[in-house]
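Notes follow once the structure below has been shown.
What follows is calculated from the coordinates using simple rules that are stated; it is not laboratory data. Computed from a prediction, not measured in an experiment: that's the story for all the values here. No Cβ is skipped: glycine too gets one built from the backbone with ideal geometry, and neighbour counts run over all protein chains shown.
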Amino acid sequence: SQQGEEDPQALSIQEGENATMNCSYKTSINNLQWYRQNSGRGLVHLILIRSNEREKHSGRLRVTLDTSKKSSSLLITASRAADTASYFCATPDTGRRALTFGSGTRLQVQP
Amino acid sequence: KAGVTQTPRYLIKTRGQQVTLSCSPISGHRSVSWYQQTPGQGLQFLFEYFSETQRNKGNFPGRFSGRQFSNSRSEMNVSTLELGDSALYLCASSPATGFGNTIYFGEGSWLTVV
């Protein structure tokens, strides 16, 4: 079963706009990771945020984590056509010692 | 530092055959895990290896197996291939087992079963 679920499933914006994706999860976690996947390619790690952190930045990316609501958000500012990809959140499934992924948000940035 | 390397990138197999996929982790990483990605099921955990030992296994039949060598390189094998095994198989590496570290993925191996 999937622990994390992203919302929305698909998002289409214009270049220069901001894109926000949300992730909800079910059980307590010690960290959450965000990944990007270009069509047909592997997963590229974006950010890892730990449970004691509320916000983290990396370039044009901003990730927040609200453990009380069991949710996280990924904000991409000033989006570019190259940001077109699927974005996944991943949380630890400690029972299986694995990462559990949501179904992803497909982001389309129109030039 | 080189990333996670997977070979082959693309392959086509016939039902009933077997396939072996290879993964070289990032230098110094001792944990290697494998995931299957399909349009219908998304990303699903297959198994994880650490120091040549399988630490855990996902909900896949015994046709899916793997191993890790002393240099941390890993292989996964799928025997008696079925059409439903067509997927992108992703390998990931991490410095250690557990979830305190970032997990890095390779480009994947696209398997098509015909």
Any GluC sites (Glu not before Pro) in segment B:11-114 that lie in a DSSP loop and have at most 16 other Cβ atoms within 10 Å would be B:Glu52, B:Glu82
With 10 angstrom as the radius, rank B:Phe60, A:Phe101 by how many other C-beta atoms surround their C-beta, starting from the fewest.
B:Phe60, A:Phe101
Please provide three numbers in whole Å: the alpha-carbon extents of segment A:38-111 along the principal axes, with the largest listed first.
42, 27, 18
What Kirkwood radius, in Å to one decimal, follows from the Cα pairs of chain B?
13.9
Once you have all Cα-Cα distances for segment B:26-66, histogram them in 10 Å bins from zero and send the whole-percent values.
28, 50, 21, 2
With labels modelled as points extended 7 Å from the Cα through the Cβ direction, what inter-label distance (nm, one decimal) is found for B:Thr38 paired with A:Lys69?
3.5
FRET efficiency for A:Asn30 and B:Trp110, Cβ-Cβ distance as r, R0 = 30 Å, nearest 0.05?
0.35
Distance-filtered residues of segment B:76-114 - backbone nitrogen under 11 Å, label point 7 angstrom along B:Ile12 Cα→Cβ
B:112-114
Going through A:Lys26/A:Lys56; A:Lys56/B:Lys57; A:Lys26/B:Lys57 one by one, the pairs whose alpha carbons sit over 30 Å apart turn out to be A:Lys56/B:Lys57
Using the Cα centre of chain A as origin and beta-carbon charges of +1 (Lys, Arg) and -1 (Asp, Glu), tell me which of A:Ser71, A:Leu11, A:Gly95 is placed farthest towards the positive end of the dipole.
A:Gly95
Which values, in whole Å and largest first, are the semi-axes of the equivalent ellipsoid of the protein assembly as shown obtained as the square root of 5 times each eigenvalue of the Cα gyration tensor?
29, 20, 16
